Amino acid sequence: MRSLFVFLTAMLMIQGAAGARNILPLPAHQKELAIVIDDLGNDMKGTEEILHLPVTLTLAIMPFLPSTKADAENAHRLGHEVIVHLPMEPVSGKASWLGPGAILTSLSNEEIRNRVEKAIEDVPYAVGVNHHMGSKATADERVMRIVLEVCKERGLFYLDSKTTGKSVIPKLARELEVPYLENKLFFDDVYTLQHIGKQAKHLSHELDEGESTIAIGHVGVTGMKVAVMLKEFIPLYEKKASIVPLSDLIPEYHLIDESMP
């Protein structure tokens, strides 16, 4: 089990790159782009197409679903990075959208911890966590403190998907010394192909400005559209940045000691 003995916060890199905007854009070989695909684990549309894209992606896989383990195994075999896509309570939305083992604000501390630990154990090869939905839970300091404490104990980083502007994750991650990152763009927050293409172009412009950045898409309703869009835009992105797994955006992540208890 990894032990985090150094405070690693990827926000130092992201903020530093943003500050460089006022001087000169970073050259392409110094910029990094992490593409995250959410909602794997339930044999959703676009999964196979995403898995076979010709770059290293970070795939966020939901626990306790029919293809959770198969998707994680395939992702790892094909060279992608795996994180846990932890279902968490939203401000609004159907409970059925959450899936099993969801983290709810009504749960006791013990039950939250138990559910987080089981979710992590259910997703093979996971090196980090982000949340599915979660606009209510990620604004709750009690809930997120427990989630992040488990991440620290397990040596996992946390990606704040930014499903709410009230997220307490940055504050608590700094306090608890948990490596964290923040999503910058959703490709498919609106489901139309026109919007997905617009977001893809916006990401390209962001890379022109010299930022290392993170973007999230999904399998499922928009899965095929996202796969088609990425297949088209990946060659353009590769001219402007290195496409990397999320963990590459965390300074010195490779130095985390995996041998310590």
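Each reported figure results from applying straightforward, stated rules to the coordinates on display, with no laboratory input. Fair warning: this is a prediction, and the values are worked out from it, not measured in the lab. Note that we place each Cβ from the backbone using ideal geometry, even for glycine, and neighbour counts take in every protein chain shown.
Taking only alpha carbon atoms, the chain gives an Rg to Rh ratio of 0.94, where Rh is the Kirkwood radius. Projected label points at residue 201 and residue 113, each 7 Å from Cα along the beta carbon direction, are separated by 5.1 nanometres. As a rough guide to protection, the peptides 52-61, 188-197, 80-89 ranked by mean Cβ packing within 10 Å, highest first, stand as 80-89, 52-61, 188-197. Only lysines eight or more places from residue 198 in sequence, or on another chain, were considered; those with a Cα closer than 18 Å are 184, 225, 231, 240.
Calculated [222 nm] ellipticity per residue, helices only, for the chain: -11000 deg cm²/dmol; basis is -39500 (n - 2.57) per DSSP H run with n ≥ 4, divided by all residues, nearest 500.
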